[in-house]
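Step one of this worksheet: look at the structure below.
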Amino acid sequence: MSESAKPTTHALRRRKGGAPIVAVTAYDAVMAHYAGLAGVDIILVGDSVGNTVLGLTGTVPVTLDMMVHHSAAVVRAQPPALVVADVPFGEAHFDFRRVLMSCQRLMQEAGVDAVKIEGGRTLAPKIVRLVEAGVPVWGHIGLMPQQVKQLGRYKKFGVTDAETAALVADAQALEAAGCFALLLEMVKPEAAAIVTKAVQIPVIGIGAGADCDGQILVFTDVLGITTGYVPGFVEKFAEVGALMKQGLTEYASAVKQRTFPKR
Ligand code: KIV
């Protein structure tokens, strides 16, 4: 696939309110290859790599080195999609120089097109400077899994009027800071619709209802290969896990019965 088929952040911005934007996570070259074949617009190398494929407890233990390693593998598959990497736990809260250096590693060493940063309006001044430096930023509000230890649990946002107003304020501050899109996670659908209308940049939802400008899901959840917890809002679009089990069981049995190899 040619690099030219990749949508730019500007092209995605123009999709606001139009054809829904399709995003999915991927963590290696094989996943990126298949996501590319499916014609998704955005591949997110999410820090969910921690709990989905690395056997970690969540996203908090995921380091910048891990993100660079997995992002580079995704980029090497040359998928015709915008490749975005998560800025992992803690990094966005250091001084600007260190944040820029983290984004620099993701863009120069791994080769991603943009970064995603969890955080609301308090991060806006840093995002202004990142955008000035040439780093396209996808904002992430609502449930921010990197906050889970301090939140105590994964929970839905936009449940009260005050929470919805706070989400709108965060969304508008991130838009003004120059984010090309927002990710809204685990937000009550009515509140997600209000946030989506309140900004001119695309809002991509996960567990945030049908009124966002696009949707994102985790690769392993879409295909039914998640081994741990799967959130209730997820829809499984294939039973790849069952197929993998069947193929591997048949292989094991062929070796045991000496029917493979043939000679
Ligand atoms: O890391 C991740 O998978 C995410 C999801 C919200 C898509 O950020």
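The values are calculated or read from the model by the stated rules, or taken from the named source; none is laboratory data. Computed from a predicted model, the values in this text were never measured in an experiment. Because the Cβ atoms are built from the backbone with ideal geometry, glycine has one as well, and the counts that use them run over all protein chains shown. These accessible areas exclude ligands, DNA and RNA; they are computed on the full protein's heavy atoms, side chains included. Shrake-Rupley method; radii C 1.70, N 1.55, O 1.52, S 1.80 Å.
Worth pointing out:
- Accessible surface, the chain, averaged per residue in Å² (probe 1.4 Å): 50 Å²
- Candidates ALA192, ALA26, ALA162: whichever shows maximal mean-square fluctuation once the chain is modelled as a Gaussian network with Cα springs under 10 Å: ALA162
- With every protein chain in place, the stretch 1-114: carbon and sulfur % of accessible area (1.4 Å): 57 percent
- Relative contact order, percent, the chain [alpha-carbon distance under 8 Å, six or more residues apart]: 17 percent
- Cα-only Debye scattering, the stretch 75-223: base-10 log of I(q)/I(0) at q = 0.10, 0.15, 0.21 Å⁻¹: -0.33, -0.76, -1.40
- When each of the peptides 245-251, 222-228 is scored by how many other beta carbons lie within 10 Å of its residues on average, the order from highest to lowest is 222-228, 245-251.
- Using alpha carbons only, the radius of gyration of the chain set against its Kirkwood radius gives Rg/Rh = 1.00.
- Candidates VAL230, VAL45, ALA254 compared by Cα position along the dipole of the chain: farthest toward the positive end lies ALA254, with charges placed on Cβ.
- Table column - 3J(HN,Hα) (Hz), the stretch 122-132, Karplus curve with 6.51, -1.76, 1.60, x for Gly and Pro: 5, 8, 4, x, 5, 5, 3, 6, 5, 4, 4
- Which listed pairs, of LYS16/LYS155; LYS156/LYS245; LYS236/LYS262, have C-alpha distances above 31 Å, in listed order: LYS156/LYS245; LYS236/LYS262
- The angle between the Cα long axis of helix 161-177 and the longest principal axis of the Cα atoms of the chain comes to about 90 degrees, rounded to the nearest 10.
- Estimated inter-spin distance, ALA242 and ALA198, nm [label 7 Å along Cα→Cβ]: 4.2 nm
- About the centre of its Cα atoms, the stretch 38-109 shows a dipole size close to 120 debye [charges on the beta carbon of Lys, Arg (+1) and Asp, Glu (-1) only; nearest 20 debye].
- Lys, Arg +1 and Asp, Glu -1 on Cβ, resulting dipole of the chain about Cα centre, debye, nearest 20: 580 debye
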